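Every number here is computed from the coordinates shown, using simple stated rules; none is lab data. Bear in mind that the values here come from a model prediction, so they are computed numbers and not experimental data. In this analysis, Cβ positions are derived from the backbone assuming ideal geometry, glycine residues included, and neighbour counts consider all displayed protein chains.
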């Protein structure tokens, strides 16, 4: 097996070992619920696993448009919605979820299956129109706001986020969450629709101030909340139990197990990396060079693994996402004498690109130069997807039905084969 194949196989093996069905199985042994709601990028496989355990239960599934395997039992209703920017389908999905949960009575039981992406897939705007919320989401993404900041704003412009979805029902709610956020804070996953909320209207205003975003309608609504004219998100939900069943750490450990099964050492650096993708790439390049030259913090040969979630501040209008941007910045930081590496999102789609991420090879920069590709120009206009597509180095999987954040692998000191 060559080193590039080792990294690709590790990615796929990690997705399989940390699949929603595998993560859910230990938690599907309790009482049969009266209703199942599944939403997020992993909604379909989570719903299928739940319905295999609880056959015939009425179920609403809200999944991203473009998802390929739409097969569900007859008791399930599927609604496809928009991500990462909500649209009319997102509003319809949120209304359906609120209506179905709201119809349950005290003494009944709802099983709610939550995964990342749910914040955009269910949008019940409050204080602004859907179009205004769309525009504000785009501004926050372009400004480089992190997921916590974006969700603080979203929660206070919504009738479903920040615990308000769970607050809409009198039924007992068991929520099982797959985390796509650094630190695995349940209140951040999908904007915490089933979780008591500690963020505030004042905090949402502070996010807009931090990034210099005008958004006058949102500001007016937030100020009404600060002034007590609009009720805050609920800070207590005694009828709800929230349990995180999967996280980025599961993905990293599964990849590590696969690689070590091939008699190659694998070391997890961290599952908590955050910050600009290009800056994280420079840090990873420095670590990889230190391993190569000094055997510090570990000796080569080794595959370095890392997770977390990078951000990208958009300067251009190219094709790409945080994993592709990381890969291009890593390539430039390593220079001509590079390593085999892979940076890819577990959800199978990286930003505006159709790719999950990209490979690097030791000769990637030389091949780019021979093809007349200036990596720095592509990085400056956020066009990393086009760069790696031209080199035929992108990893194309399509939407995976997972959402356990990002997986980065750097092979230091490993030969081609």
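Estimated from helices alone, the mean residue ellipticity of the chain at 222 nm is -11500 deg cm²/dmol (sum of -39500 (n - 2.57) over DSSP H runs with n ≥ 4, per residue). Among 157, 165, a tally of other beta-carbon atoms within 10 Å of each Cβ gives an order, fewest to most, of 157, 165. Calculated on C-alpha atoms, the gyration radius of the stretch 306-389 divided by its Kirkwood radius gives an Rg/Rh of 0.93. Roughly what angle does helix 43-53 make with the longest principal axis of the chain, taking Cα atoms, 0 to 90 degrees, to the nearest 10? With both axes taken from Cα atoms, the answer is about 70 degrees.
Peptides 386-394, 332-340, 366-374: what's the order by average Cβ count within 10 Å, highest mean first? Don't skip to the end; give the middle numbers.
Numbers: 386-394: 20.0, 332-340: 18.0, 366-374: 12.7.
With the highest mean Cβ count within 10 Å placed first, the list reads 386-394, 332-340, 366-374.
At a Förster radius of 56 Å, what calculated FRET efficiency corresponds to the Cβ-Cβ distance of residue 274 and residue 109, to the nearest 0.05?
Numbers: r = 37 Å, r/R0 = 0.65.
Given R0 = 56 Å and the Cβ-Cβ separation, E is 0.95.
Our summary gives the chain a relative contact order of 16 percent, counting only alpha carbon pairs under 8 angstrom and 6 or more residues apart.
Distance between the modelled labels on residue 210 and residue 198, one decimal in nanometres: 1.5 nm (7 Å Cα→Cβ projection).
Sorting 239, 284 by the number of Cβ atoms found within 10 Å of their own Cβ, with the fewest placed first, yields 239, 284.
Given their separation in residues at 0.36 nm each and the Cα-Cα distance between them, residue 363 and residue 9 gain 125.4 nm when the chain is fully extended.
Quick check of the Kirkwood formula: for the stretch 211-251, what is the inverse mean of 1/r over all pairs of different Cα atoms, in Å?
Hydrodynamic radius (Kirkwood, Cα only) of the stretch 211-251 equals 14.0 Å.
Each label point was placed 7 Å from the Cα along the Cα-to-Cβ direction; for residue 377 and residue 263 their separation is 4.6 nm.
Across the stretch 158-200, C-alpha contacts under 8 Å between residues 6 or more apart give a mean separation that, scaled by the residue count, equals a relative contact order of 50 percent. Ranked by how many other Cβ atoms sit within 10 Å of their own Cβ, fewest first, the residues 79, 1, 122 fall in the order 1, 79, 122. Of 203, 307, 401, the residue with the greatest mean-square motion in the GNM of the chain, using alpha carbon springs below 10 Å, is 203. The calculated FRET efficiency for the pair residue 315 and residue 226, based on their C-beta separation and a Förster distance of 30 Å, comes to about 0.35. Relative to one another, the C-alpha centroids of the stretch 197-216 and the stretch 40-70 are positioned 34 Å apart. Stokes-Einstein, applied to the Kirkwood radius of the stretch 3-246 over Cα pairs at a viscosity of 0.890 mPa s and 25 °C, places its translational diffusion at 134 µm² s⁻¹.
Using 0.36 nm times the number of residues separating residue 392 and residue 22, minus their current alpha carbon distance, what extension gain do you get?
Working: separation 370, 0.36 × 370 = 133.20 nm, distance 3.26 nm.
Gain on stretching residue 392 to residue 22: 129.9 nm.
A crude spin-label estimate for the pair residue 244 and residue 337, with each label 7 Å from Cα along the Cβ direction, gives 4.1 nm.
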